[in-house]
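Notes follow once the structure below has been shown.
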Amino acid sequence: MEPLFTYKCTTCGKSFEKDEVLYLCPECSRNQEPGRPLEGVLEAIFDFRKLTMKFDPADTDLECLMPIEKKYRPVLPVGHTPLFKAGRLADSLGMKDLWIKNDGQNPSGSLKDRASFMVTAQALKLGYDRVVTASTGNAASSLAAVCASAGLSAIIFVPASAPRAKLVQVMIHGARLVPVNGTYDQAFSLSMEYTEKFKGLNRNTAFNPLTIEGKKTVAFEIFRQLGKVPDAIVVPVGDGVILAAVHKGFKDLTGIGLTDKLPRLIAVQAESSAAVHHLFTTGEFKASPNPSTVADSISVSVPSNAWWAKRALEESKGLSIMVSDRQILRAQAELASMTGVFAEPAASAGLAGLKELIFNGKLDPASSLVLLVTGHGLKDVDTAEQGLDFPDPVEPETKSLEALI
């Protein structure tokens with residue numbers, strides 16, 4: 001069945017047919033100012049009236065809410081990652097119902113495979129031979145893997161400072177890696193210029209609305225796996241797309257009639273990269289001048305999807321919080337030692353924020369809560385190593401065992 005949706009500009013509210021525009025609202029994007037979040041980000045609005053007439057509640061993949069038909073999608077399996085109850089961690093926090101959604105189990109090790117999967121399907125449907133993106137590392141390795149499975153070229157701009165493990169992932173999958181001596185925001189600008197001059201489909205987060213449509217599938221899975229809408233979901237936040245996508249996913253579930261509840265969203269940002277937090281708490285946008293943090297995946301000066309992220313927090317009656325690098329590294333070790341989940345620093349920020357909110361009495365410890373782990377720790381082993389003291393080797397003798405007692 002042909003997907004039943006139109007695009008709506010999140011800035012001016014104008015509607016567009018789904019084949020009328022690929023990226024931003026043509027009118028609002030003309031007003032884009034340097035150093036500001038994207039204007040004219042598009043939201044896919046599904047025709048729920050028509051869909052509910054044909055909807056099968058047993059459809060666990062919710063195909064009717066997908067913007068690209070299954071026949072165009074890459075063969076690489078993406079999504080369907082585990083959700084499990086974190087009993088030991090919950091006990092340590094005094095919580096009753098804590099769950100972990102481990103999206104580090106996606107093929108390239110991060111939730112961003114969901115966006116790359118949908119954009120690559122879009123490229124296959126529209127006949128593009130290459131996909132372009134800017135990334136701090138996860139979207140880069142994700143796009144490289146998914147394009148490899150689909151036989152498409154990937155052109156990827158990354159800050160030269162991105163973790164080497166992520167760059168290895170990009171190159172081993174055969175993508176064209178373009179390291180940039182600058183920030184993520186500068187890599188973003190360069191990738192946009194490349195797309196304009198040399199064509200290709202652009203995957204940049206929020207700029208291409210299907211990045212949000214791909215990432216929203218994590219909300220569908222949480223709902224199906226948990227059997228209900230949790231009271232709250234903790235989301236590490238950089239550019240704000242995952243936060244908006246989780247909210248969009250649950251809004252689509254309400255639209256199709258599967259639930260009438262939205263989860264409370266909790267946004268966690270690194271202290272030096274907290275523009276979304278400041279926008280939500282003060283109502284004014286201020287870029288993060290020096291986004292230097294161990295959590296590279298959420299390190300951004302100007303979050304592209306800040307306006308929609310703010311709206312998602314407001315509509316869900318959510319919270320936002322900043323955490324330090326020290327808190328993030330402690331949470332990374334705690335998450336691994338108490339749940340068996342080795343998360344990269346950015347994905348560990350969620351636990352750091354959760355601990356702070358519980359300590360300050362801002363969350364009900366009896367509520368059902370999902371901690372969204374967005375990326376695997378093997379993507380940045382060097383950072384994790386900073387907090388470890390490796391033991392000295394012992395002699396291969398029986399008496400060496402006595403020292404271990």
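The values are calculated or read from the model by the stated rules, or taken from the named source; none is laboratory data. The shown structure was predicted, so the numbers you read here are calculated from the model rather than taken from an experiment. Every residue, glycine as well, gets a Cβ built from its backbone with ideal geometry; the counts of neighbours run over all protein chains shown.
Conditions (1) under 25 Å from Ala366 (Cα atoms); (2) under 19 Å from the mean Cα position of the chain (by Cα); (3) surrounded by fewer than 24 Cβ atoms within 10 Å (Cβ to Cβ), marked per residue:
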residue	(1), (2), (3)
Gly200	no, no, yes
Ile212	no, yes, no
Gly227	yes, no, yes
Pro230	yes, yes, yes
Gly240	no, yes, no
Leu243	yes, yes, no
Leu265	yes, yes, no
Glu271	no, yes, yes
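So is Glu43 outside any loop (DSSP other than H, G, I, E, B), modelled with pLDDT of 95 or more and touching a Ser or Thr at 6+ places or on another chain (Cβ under 7 Å) or not? It is true that Glu43 is outside any loop (DSSP other than H, G, I, E, B), modelled with pLDDT of 95 or more and touching a Ser or Thr at 6+ places or on another chain (Cβ under 7 Å). Restricting Gly137, Gly151 to residues that are at positive phi, of a type outside the set (S, T, N, Q) and touching a helix residue (DSSP H, G or I) at 6+ places or on another chain (Cβ under 6 Å) narrows the list to Gly137.
I need a count of the residues in region 15-40 that are in contact with a strand residue (DSSP E or B) (Cβ under 9 Å, 6 or more places away or on another chain), in a loop (DSSP other than H, G, I, E, B) and over 18 Å from Phe188 (Cβ atoms). Count: 6. Among residues of region 285-300 that are among the basic types (Lys, Arg), those with a beta-carbon under 7 Å from a residue that is at pLDDT 95 or above at least six positions away or on a different chain give the pairs Lys286/Ala275; Lys286/His278.
Any chance you could count how many residues in region 361-393 are closer than 16 Å to Val234 by Cα, polar (S, T, N, Q) and assigned to a loop (DSSP other than H, G, I, E, B)? The qualifying residues number 2. Note on region 124-154: residues that are crowded, with 24+ Cβ neighbours inside 10 Å and either part of a helix (DSSP H, G or I) or not hydrophobic (A, V, I, L, M, F, W, C) (or both) total 14.
When region 273-285 is filtered for residues that are surrounded by fewer than 18 Cβ atoms within 10 Å (Cβ to Cβ) and either modelled with pLDDT under 95 or assigned to a helix (DSSP H, G or I) (or both), the ones remaining, listed by number, are Thr281, Thr282.
Would you mind stating whether Ser337 is outside any strand (DSSP E or B) and surrounded by fewer than 18 Cβ atoms within 10 Å (Cβ to Cβ)?
Working: outside any strand (DSSP E or B): yes; surrounded by fewer than 18 Cβ atoms within 10 Å (Cβ to Cβ): yes.
Yes: the conditions hold for Ser337.
Of the candidates Pro67, Pro37, Pro77, the single residue that is within 20 Å of the chain's Cα centre (by Cα) and free of Cβ contacts under 8 Å to residues at least 40 places away in the same chain is Pro77. When region 40-55 is filtered for residues that are within 17 Å of Pro209 (Cα to Cα) and either of a type in the set (Phe, Trp, Tyr) or free of Cβ contacts under 8 Å to residues at least 40 places away in the same chain (or both), the ones remaining, listed by number, are Gly40, Phe46. Does Tyr7 meet the test of being in contact (Cβ under 8 Å) with a residue 12 or more places away in the chain, out of contact with any Ser or Thr (no Cβ under 6 Å at 6 or more places or on another chain), aromatic (Phe, Trp, Tyr) and buried (at least 17 other Cβ atoms within 10 Å of the Cβ)? Spelling it out, Tyr7 is indeed in contact (Cβ under 8 Å) with a residue 12 or more places away in the chain, out of contact with any Ser or Thr (no Cβ under 6 Å at 6 or more places or on another chain), aromatic (Phe, Trp, Tyr) and buried (at least 17 other Cβ atoms within 10 Å of the Cβ). Buried (at least 17 other Cβ atoms within 10 Å of the Cβ), of a type in the set (Phe, Trp, Tyr) and under 30 Å from Ser368 (Cα atoms) - does that describe any residue in region 89-107? Yes: one or more hits.
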